[in-house]
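The values are calculated or read from the model by the stated rules, or taken from the named source; none is laboratory data. This structure is a prediction, so every number in the text was calculated from the model and none was measured. Here the Cβ positions follow ideal geometry from the backbone for every residue, glycine too, while neighbour counts run over all protein chains shown. The accessibility values were calculated without ligands, DNA or RNA, using every heavy atom of the protein model including side chains. Shrake-Rupley method; radii C 1.70, N 1.55, O 1.52, S 1.80 Å.
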Amino acid sequence: MGRAMNMKLFYLALVGIAAVGVAAIWGARRSINGAGATSVTSAALASVGEYEGFVLGSDSAPVEIVEFADFQCPACARFAILTASDVKARLVERGLARLRFHDFPLPNHGNAMPAHLAAACAGEQDEFWAMHDQLFYNQGRWSRESRPARRFREYARAIGSRLDSELPRRRCVGPWGPSLRQPESARRESGGCSRAVTHRMVTAALSLIGLLVAVYLSLWKAGLLGAIVCGTGGCETVQLSEYADFLGLPVAFFGVGGYLAIFVASLVGLQPRWADRSGPTLLLLVLSGLGVAFTAYLTYLEAFVIRAWCRWCLGSAAIIGAIFVASLVGWRASRHPTA
């Protein structure tokens with residue numbers, strides 16, 4: 001009776017976790033088509049007639065390409081580095097089109113406003129496009145600094161321009177991104193629940209949270225969500241880097257598959273037929289061990305190659321690490337049962 005009650009409460013808790021996670025993801029999904037997106041588009045279009053922006057190319061070009069960009073936006077940097085040079089060479093320099101740049105700093109990018117101001121100051125000295133390239137090509141350096149003005153002055157000197165010492169310097173004080181709170185496993189006997197059942201309950205709850213995180217990142221990667229909730233530009237930098245794909249698929253997809261496998265294995269291990277067997281525990285240990293190894297590789301890339309941190313990725317790393325520890329504890333308990 002006691003165990004049945006405990007299991008009922010556990011399943012209710014899983015349903016609650018799933019409901020909260022799905023509601024959060026659905027809210028993010030709706031935001032892409034909601035009022036926020038509409039107001040951003042309206043503001044952008046309204047600014048065309050109010051501000052001419054910065055133009056590259058001939059006034060007589062038959063086509064005008066209008067770009068709204070944020071100097072701290074990783075996707076904008078990728079366009080500037082990988083695509084814009086081709087556009088300039090094939091269209092702008094041949095007089096087939098001109099490129100018009102409009103400032104569009106996003107409120108969630110703390111260093112965007114001073115970056116756009118620095119570019120505008122350089123523009124007053126006819127060096128906007130040179131500063132434009134400096135900012136985008138060096139985005140990984142200045143975007144994470146608390147006082148980027150020093151960097152901007154370095155870039156200005158590099159292009160033969162000058163920035164006033166009064167250039168505003170804005171410290172990035174945006175709120176930290178959502179942190180994943182991990183359920184704590186109490187080491188106590190309750191209602192006749194075995195240790196194997198207890199650790200599988202923990203791995204089930206943790207893997208469900210990890211699954212929701214992976215689904216969120218997968219939907220964002222697929223372009224089905226609005227701006228990723230992170231607090232800084234680090235998440236976008238990581239998710240849009242070349243290392244965000246593995247074997248031709250987004251890394252988040254592997255997270256969905258891995259966490260789903262662990263979640264299913266945990267639930268199967270909770271069934272009476274498997275509750276006292278060590279097989280499910282061994283499977284959980286192997287799956288989570290592979291997850292820890294893969295996560296260690298990804299964390300290495302963030303720390304030493306990409307040089308940016310995705311807080312969702314760090315939260316997922318903590319989750320898979322906790323699942324591995326819980327599985328290891330359960331495996332040791334199954335090998336050395338106590339009386």
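Only one of 292, 264, 215, 286 is of a type in the set (A, V, I, L, M, F, W, C), in contact with a Phe, Trp or Tyr (Cβ under 6 Å, 6 or more places away or on another chain) and at pLDDT 90 or above; which?
292
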>> Cβ-Cβ under 7 Å, sequence separation 6+ or interchain: first residue in region 248-276 and under 11 Å from residue 208 (Cα atoms), partner in a loop (DSSP other than H, G, I, E, B) and aromatic (Phe, Trp, Tyr). Which pairs?
In response: none
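Going through 120, 115 one at a time, which residue ends up being closer than 20 Å to residue 101 by Cα and free of Cβ contacts under 8 Å to residues at least 24 places away in the same chain?
Going through 120, 115 in turn, just one is closer than 20 Å to residue 101 by Cα and free of Cβ contacts under 8 Å to residues at least 24 places away in the same chain: 120.
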>> Among the residues of region 77-87, are any without any contact (Cβ under 8 Å) to a residue 40 or more places away in the chain, within 20 Å of residue 59 (Cα to Cα) and surrounded by 15 or more Cβ atoms within 10 Å (Cβ to Cβ)?
In response: yes
> Any residue in region 88-111 that is β-branched (Val, Ile, Thr) and open to solvent by 20 Å² or more (accessible area, probe 1.4 Å)?
Replying inline: no
> What is the one condition in (1) modelled with pLDDT of 85 or more; (2) assigned to a helix (DSSP H, G or I) that residue 309 does not satisfy?
Replying inline: (2)
>> With the condition being in contact with a Leu (Cβ under 8 Å, 6 or more places away or on another chain), I'd like the helices (runs of 4 or more DSSP H) fully within region 228-304 carrying at least 3 qualifying residues.
In response: 251-269
> Can you tell me how many residues in region 178-201 are open to solvent by less than 30 Å² (accessible area, probe 1.4 Å) and either in a helix (DSSP H, G or I) or modelled with pLDDT of 90 or more (or both)?
Replying inline: 4
>> Being at pLDDT 80 or above and surrounded by 19 or more Cβ atoms within 10 Å (Cβ to Cβ) is true for just one of 210, 233, 257. Which residue is that?
In response: 210
>> Of the conditions (1) open to solvent by 70 Å² or more (accessible area, probe 1.4 Å); (2) modelled with pLDDT under 80; (3) in a helix (DSSP H, G or I), residue 157 satisfies every one except a single condition; which number is it?
In response: (2)
> Got at least one residue in region 316-331 being in contact (Cβ under 8 Å) with a residue 40 or more places away in the chain, under 22 Å from residue 228 (Cβ atoms), of a type in the set (Gly, Ala, Ser) and part of a helix (DSSP H, G or I)?
Replying inline: yes
> Given the residues 126, 70, 103, 133, which is the only one that is closer than 28 Å to residue 145 by Cα, of a type in the set (D, E, K, R) and without any contact (Cβ under 8 Å) to a residue 24 or more places away in the chain?
Replying inline: 126
